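Read-outs: derived from the displayed coordinates by stated rules, not from any lab. These numbers were taken from a predicted model, which means no experiment stands behind them. Note: ideal-geometry Cβ built from the backbone for every residue, glycine included; neighbour counts use all protein chains shown.
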Amino acid sequence: MNWPKDTPEALNDFYGKHEFKSDGMPTDAWISEHLKLFATPYPLALAWNSSERVRKIRCHKLVGESLVRIFEEVLGYYGSYADVQAARMHLYTVAYK
């Protein structure tokens, strides 16, 4: 995939210009068109509440598969989930709810 240049115009063309509701959150239409749930290869702990785990993340449909591959490579590098946790590579802060 050819990633966009880091300019507002190129990013909007590539990802779709965000449409916001009055509360500042993306519109349901924008979310439906651009976001997708992706399963993770190991549980992720929420950074602000590490006792809460997630197995799916919602992110832009164009980056989700790449993000999952990164998690797979992290797991492969460390070799076990316990080692991923020891390195604190299981902590996650959400971008979209």
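Table for the structure above
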| read-out | value |
| --- | --- |
| Matching residues, the stretch 57-76, being more than 25 Å from ALA29 (Cβ to Cβ), in contact (Cβ under 8 Å) with a residue 12 or more places away in the chain and surrounded by fewer than 16 Cβ atoms within 10 Å (Cβ to Cβ) | GLU72 |
| Residues of the stretch 42-54 that turn out to be out of contact with any Asp or Glu (no Cβ under 8 Å at 6 or more places or on another chain) and either under 23 Å from ASP28 (Cα atoms) or of a type in the set (Gly, Ala, Ser) (or both), as a count | 4 |
| Total residues in the stretch 1-29, condition polar (S, T, N, Q) and within 17 Å of ARG58 (Cα to Cα) | 1 |
| Test: residue in the stretch 9-32 that is exposed (fewer than 14 other Cβ atoms within 10 Å of the Cβ), under 18 Å from the mean Cα position of the chain (by Cα) and assigned to a strand (DSSP E or B) | no |
| Matching residues in the stretch 64-96 - criterion: being under 24 Å from TRP3 (Cα atoms) and not in a helix (DSSP H, G or I) | TYR92, THR93, VAL94, ALA95, TYR96 |
| Complete set of residues in the stretch 57-97 that are over 9 Å from the mean Cα position of the chain (by Cα) and of a type in the set (Gly, Ala, Ser) | SER66, GLY76, GLY79, SER80, ALA82, ALA86, ALA87 |
| Residues of the stretch 42-56 satisfying the condition of being in contact (Cβ under 8 Å) with a residue 24 or more places away in the chain, under 30 Å from ASN12 (Cα atoms) and in a strand (DSSP E or B) | LEU44, LEU46, VAL54 |
| Condition met for PRO41 (under 24 Å from LYS56 (Cβ atoms) and either under 16 Å from the mean Cα position of the chain (by Cα) or of a type outside the set (Asp, Glu) (or both)) | yes |
